[in-house]
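To start, the structure under review is shown below, and the notes come after it.
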Amino acid sequence: MTVQIDDAGVGDLLHGVVVGVHRKETGEFHYDMIPVSFFQSPNFARKIYQKKATELALNLLYQMNLGENEEIEICSSFLFDETRPHLSEKYGKTRVKTAVITGDAQNNVETAYLDEIRNLGYEPIAERDEKRARSFFHMLRWVKNNPERLRYAKTGWPRLRRYINLPRKHDGPGSTR
């Protein structure tokens, strides 16, 4: 049997990131979320989202009752840069393989992420995977239409300042920017 670990939403502007675990042979699927606060200052610069991804992956594998000889395929995303070596150390290098996650595993994780952003009140564009830039600007307009929604955005990305007027680290009460 093989368990696959994938993520969804890491490159999107909205919400946190879904980490999901899927068992190929049975279709069993579990997921959890890395909160959006891990992708906002000051957490984003510290890359603590990678520690959280490792924590969630381990918890999800526990929930799946990982078999003793079961292989683990894990996505090559930078999100799992800390997770992959941790899993290799814990379960053995021969059991843990970096893989391109496709099919049901990828669909389940993507669907979970889409459900989560819909829960915010946002309706994603139909062709979001094929038109990443269009999807980004669609999300950006949704945030800009109501400044309260900024709390749902991954504001830690340095380039985001081009599109949204974000306070700088030294800005605060009494600042004269």
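No lab work stands behind these numbers, since they all come straight from the coordinates. Keep in mind it's a predicted model, so treat the numbers as computed, not measured. Because the Cβ atoms are built from the backbone with ideal geometry, glycine has one as well, and the counts that use them run over all protein chains shown.
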Can you name the residue in the range 92-145 that is in contact with a helix residue (DSSP H, G or I) (Cβ under 7 Å, 6 or more places away or on another chain) and of a type in the set (S, T, Y) and is also nearest to G20 (Cα to Cα) among such residues?
T98
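For the range 134-153, give me each residue that is outside any helix (DSSP H, G or I) and in contact (Cβ under 8 Å) with a residue 60 or more places away in the chain. Walk me through how you get there before you give the answer.
Going through the range 134-153, the residues outside any helix (DSSP H, G or I) turn out to be 145-146, 153.
Of everything in the range 134-153, just one residue is outside any helix (DSSP H, G or I) and in contact (Cβ under 8 Å) with a residue 60 or more places away in the chain, namely A153.
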Could you please find all residues in the range 13-35 being under 27 Å from R159 (Cα atoms) and surrounded by 21 or more Cβ atoms within 10 Å (Cβ to Cβ)?
L13, L14, H15, G16, V17, V18, V19, I34
Wholly enclosed helices (runs of 4 or more DSSP H) of the range 1-93 bearing at least 1 residues within 28 Å of R149 (Cβ to Cβ) and free of Cβ contacts under 8 Å to residues at least 40 places away in the same chain:
43-46, 48-63
Count, please, the residues in the range 141-160 that happen to be of a type in the set (A, V, I, L, M, F, W, C) and within 20 Å of E110 (Cβ to Cβ).
2
